[in-house]
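What follows is one structure encoded as structure tokens, with my remarks underneath.
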Amino acid sequence: MPTQTASPTDLLAFHSSASRQKIFVSLIILVWTVIYIGTLFQPPLMDDADTVHAEAAREMVEHNDWVTLKINDGFRYLEKAPLMYWCVAASFKLFGVHDWSARLPIALGMLALLLVVYRMGRRFYGDEGGLYAALALGTGFGPFIYTRFMIPEMLVALWLAMGFDFFLTSLEQTSGEQTSGEQSERGEQPSVWVCWGLAATMALNVLTKGLIGLVFPIGTILIYLLLTKNLRHLLRLRLFSSFLVFLVIAAPWHVLAGIRNPAQGEARGFFWFYFVNEHFLRFLKKRFPADYDTVPLWLFWGLMLVWLMPWTAFLVQAIRQVPAKLATVRAGMNGQQRATLIFALWPLVILVFFSFSSRQEYYVLPGLPGVALLLGGWLARESASAHGSVERSSGRISSIVLALIGTAACIACVALAWHAQAPPQNYDIAELLKKNPQDYALSFGHILDLTPQAMGAFKVPLLATGLAFALGTILSLLLRRRNRAFAANLTLALMTTVLLYAAHQGLVIFSPVLSSKVLAQAIEQNWKHGAIIEDNGDYEAASSVNYYTRHQIRILNGRCNNIWYGSKFPDAPPIFDDDASFEKLWRGDKLVFLLTDYKASPDRKPAEECPQKEHLPDYVVREKACVLAKWGGKLVLTNGPKPCPDQAWPR
């Protein structure tokens with residue numbers, strides 16, 4: 001067989017492509033470093049999910065138990081899959097227990113996701129398509145803000161992206177298209193490594209987020225194969241051996257967790273709680289305890305436009321790339337068309353699934369890489385199109401809309417900053433807010449606490465947001481009018497990086513309301529052997545005190561939420577107090593640190609299931625206990641010796 005010799009033109013094109021690839025990968029890593037490494041160290045870890053999950057990882061290391069998650073020094077925490085906690089625990093073992101080491105695994109997972117998205121975009125849309133997809137995802141507001149605290153959604157997105165990459169490769173190999181330098185004959189089975197890789201990503205996803213690790217990829221793949229009348233492709237995926245690979249990875253932890261946490265006493269056992277309560281009953285909105293809320297359906301779908309803003313200004317054009325006619329789909333598609341259909345079905349399956357279930361704002365995040373890839377594909381198509389083409393004209397129209405939004409946002413931000421009053425010196429941000437506890441089950445509920453007076457604390461982030469939004473969108477429009485689409489897109493990426501830093505700075509300013517680290521430090525400075533920390537209400541609301549002090553906290557009228565199920569086991573520490581038992585502790589010989597809210601009072605009765613710091617025992621109020629520390633709308637009261645520190649008693 002004659003040997004083909006590459007021409008000088010081919011070699012030049014190859015070296016040019018290789019150089020461009022290195023530059024683009026370096027740019028993606030640079031953007032990730034600036035955004036995700038530059039924000040690792042602030043703010044402190046937050047109450048609720050952030051420190052509950054960090055504490056579970058810390059106790060995993062402390063107790064050397066990598067099967068049963070525990071919180072608050074020994075309470076079983078069985079509602080979550082373990083992979084994220086394993087990663088954080090490994091980080092703690094390597095680097096020690098720090099805020100940044102707790103956040104590092106998710107940041108590294110985000111880098112891996114960006115590189116996988118770049119690879120997928122490059123495969124189907126060229127180098128620029130991969131770059132734009134990675135930049136849209138890496139500078140998106142949703143992925144950034146929901147990696148500020150420890151939830152596994154972006155790790156779910158990583159395994160989905162890798163899984164769909166394997167699946168698309170399997171389609172290429174069975175359609176006779178060339179992939180990775182090899183030619184497959186039409187109809188033959190995909191490579192064993194491709195099939196096993198797909199199974200492995202599903203197993204890792206199950207270990208990250210539970211059964212949706214199967215529902216999302218299998219649902220997307222089945223709908224794709226039904227639309228393309230290609231269900232026989234399932235039989236080519238080496239189902240038996242792939243299932244064994246899945247079991248080898250996913251089954252051991254589930255089996256061990258079931259063996260080590262059988263039904264005991266009032267606890268019904270791991271399998272009932274994890275699968276029935278946390279999966280099926282949660283989907284049906286009947287999970288107990290109901291420590292969550294459901295965002296309205298219109299908001300859940302509409303936030304898709306926000307999470308990847310400003311890139312979603314081009315979403316309509318990106319969606320138009322999707323093969324829409326079933327006749328075209330079933331007649332056969334090329335690799336790019338197949339990928340585009342998969343990328344569209346990916347977020348759609350997730351959106352539809354949660355439309356019939358309980359849902360939080362961030363549940364859609366695992367679908368964002370699919371949206372980013374669609375956007376990257378269209379932006380690359382626009383960049384490669386000729387002057388005066390439909391793509392160029394359409395891009396300018398979207399840029400005009402974006403510039404108008406940016407200008408309006410700038411006017412609003414500058415007006416808010418201009419009219420906001422400067423906060424007093426050494427202010428406590430919580431004193432400038434109102435309280436909306438009915439909204440706190442939503443992940444963004446605390447934003448509704450902001451008042452016009454509180455805006456004075458956010459002047460710098462507001463001005464940075466407004467000016468960057470206006471300048472970035474206007475400059476992007478001007479560059480597009482000059483047919484410099486590549487420069488226009490890089491401008492949007494730079495603008496969004498500034499916006500994310502402004503959002504991060506706002507989060508740092510707001511963090512006293514969200515974290516109890518300052519109170520934990522005050523307790524540590526006054527700690528005595530045998531002292532007791534008592535939380536007036538829900539464990540989640542003071543979980544950062546448990547995490548930062550590494551001392552168990554007792555709970556006053558708060559056997560609910562995350563700690564409720566673990567308290568059902570016979571070996572659960574006896575830390576739950578009612579008013580009568582706490583009064584004995586308070587009037588006893590031991591030093592007691594009582595964590596509570598400013599507005600807790602004896603006039604407000606505890607809620608039926610969980611008081612959430614609404615009720616303060618009347619004897620504590622009458623005696624005006626020592627106010628050891630006050631910050632972020634929270635107090636540390638003690639029964640310790642007088643005189644007290646110079647802190648005002650709450651009004």
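Below is a table of values for the structure above.
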read-out	value
Above-threshold pairs, the threshold being 30 Å between Cα atoms, out of Lys590/Lys630; Lys70/Lys286; Lys285/Lys459; Lys209/Lys634; Lys80/Lys584; Lys285/Lys568	Lys285/Lys459; Lys209/Lys634; Lys80/Lys584
The range 21-94: chymotrypsin sites (Phe, Trp or Tyr not before Pro) in DSSP loop, at most 13 other beta carbons within 10 Å	Phe41
Sites Gln552 and His387, calculated FRET efficiency, Cβ-Cβ separation with R0 51 Å, nearest 0.05	0.15
Counting DSSP beta bridges with both ends in the chain, the antiparallel % (nearest 5)	60
Leu281/Ala415 FRET efficiency (R0 51 Å; Cβ-Cβ; nearest 0.05)	0.65
Within the chain, longest stretch clear of exposed GluC sites (Glu not before Pro) (DSSP loop, no more than 10 other Cβ within 10 Å)	186-607
Cα gyration tensor shape for the range 206-298, rounded if a/c is under 1.5, else prolate or oblate	oblate
For Rg and Dmax of the Cα atoms in Å, calculated from these coordinates, the label among (i) 25.3, 79; (ii) 27.0, 98; (iii) 24.6, 75	(ii)
Table column - 3J(HN,Hα) (Hz), the range 195-204, Karplus curve with 6.51, -1.76, 1.60, x for Gly and Pro	5, 5, x, 4, 5, 5, 5, 5, 5, 5
J(HN,Hα) series, the range 219-232, from Karplus relation 6.51 cos²θ - 1.76 cosθ + 1.60, nearest Hz, glycine and proline x	x, 5, 5, 5, 5, 4, 5, 5, 5, 8, 6, 9, 4, 4
Vicinal HN-Hα couplings computed from phi for the range 493-509 (Karplus, 6.51 cos²θ - 1.76 cosθ + 1.60; Hz; Gly/Pro x)	5, 5, 4, 5, 4, 5, 4, 5, 5, 5, 5, 5, 5, x, 5, 4, 5
Sequence of Thr51, Thr228 once ranked by neighbouring C-beta atoms within 10 Å, starting from the fewest	Thr228, Thr51
Per-residue Cβ neighbour rank within 10 angstrom, fewest leading, Asp571, Asp535	Asp571, Asp535
Segment Gln189-Val508, length gained on full extension (0.36 nm per residue, minus Cα span)	109.6 nm
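Each value in this text was obtained by applying a stated rule to the coordinates, not by laboratory testing. Computed from a predicted model, the values in this text were never measured in an experiment. Virtual Cβ from ideal backbone geometry, glycine too; neighbours counted across all protein chains shown.
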